[in-house]
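Values in this text are rule-based calculations from the coordinates and carry no lab data. What you see is a predicted model, and the numbers here were worked out from it, not measured in a lab. Positions of Cβ are backbone-derived with ideal geometry, glycine not excepted, and every protein chain shown enters the neighbour counts.
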Amino acid sequence: MIELDISHIRLGERPLIVCDVDDVVLQFIGPFQLFLQSQGHEFLPRSFRLHGNIVSKADGVAIEDQQVSRLIEEFFEAQELWQTPLDRVVETLGRLSEEADVLFLTAMQPRFQEQRRRLLDRMGLLFPLLATEQPKGPIVHALHASRSLPVVFIDDMARNLHSVRDHVADCLLIHLMPNSPVHRFAPAAADDITRAADWAHAAELIETHFLSNTVSRAAPAA
Ligand SMILES: [Mg+2]
């Protein structure tokens, strides 16, 4: 069981694309660094985490974990002023949505959902949005497990891709992440997870997946 209300999500009789938001649809790490600078801080990409790697520009001392968590919240609160879409994401999802349902599944506290909704709407990304910090695999399972249609999951975090792989059979898993200094420290995804260089590449992988699944489904039984 998942502790998240998904009853308002209505899926059509067509493929499903579940898509992470931060650093997949909206730039996160770049804008967050600019936000930190505006607050007198600096992010040092020394490992794949925010906590412990943000220092005060005044004295170079790492700021406390609690304050880092507060800064992340303040950033999400003000996200409409900072976050911008990734290259080609708006037109690519628009095109894919002609043949598939698109759903945003964002690992963000639900209390910032309104800001995110407004920001996505402003960009023309009108697809439904679920904001939760719960593991993603059980949520995609709850949404899709009873359907026999193609499903795709896109995320920049190996942890989330592995969670969906462990809960959803036959899901095309796409690892899409920015080429940022901190993402060079990101944990690698498993070998059976496809790495996409950008949204154009992701779209190719998705269209191929839909095509091959449709063909095998239409093939007569042996
Ligand atoms: Mg992300």
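From the largest down, the chain spans 71, 35, 35 angstrom on the principal axes of its Cα atoms.
The distance between label points at residue 166 and residue 197 comes to 3.2 nm (points 7 Å beyond Cα on the Cα→Cβ vector). Using alpha-carbon pairs under 8 Å, 6+ residues apart, how would you state the relative contact order of segment 29-81 in percent? Dividing the mean separation by the residue count of segment 29-81 yields 25 percent.
Listed by Cβ neighbour count within 10 Å, with the fewest neighbours leading, 44, 176, 50 appear as 44, 50, 176.
For the chain, the relative contact order works out to 24 percent when only alpha carbon pairs closer than 8 Å and six or more residues apart are counted. Taking the alpha-carbon centroid of each part, what is the distance from segment 42-79 to segment 6-26 in angstrom? Answer, in whole Å: 30. For residue 88 and residue 113, the difference between the fully extended length at 0.36 nm per residue and the C-alpha to C-alpha distance is 6.7 nm.
As a length-normalised measure over Cα pairs under 8 Å and 6 or more apart, the relative contact order of segment 126-213 settles at 26 percent.
If only the Cβ of Lys and Arg carry +1 and only the Cβ of Asp and Glu carry -1, the dipole of the chain around its Cα centre is close to 120 debye.
How do the peptides 123-135, 100-112 rank, highest first, by the average count of neighbouring beta carbon atoms within 10 Å per residue? It would help to have the intermediate numbers written out before the result.
On the way: 123-135: 16.2, 100-112: 18.9.
Result, highest mean Cβ count within 10 Å first: 100-112, 123-135.
Calculated mean residue ellipticity, 222 nm, the chain: -11500 deg cm²/dmol, from DSSP H runs (n ≥ 4) at -39500 (n - 2.57) each, averaged per residue and rounded to 500.
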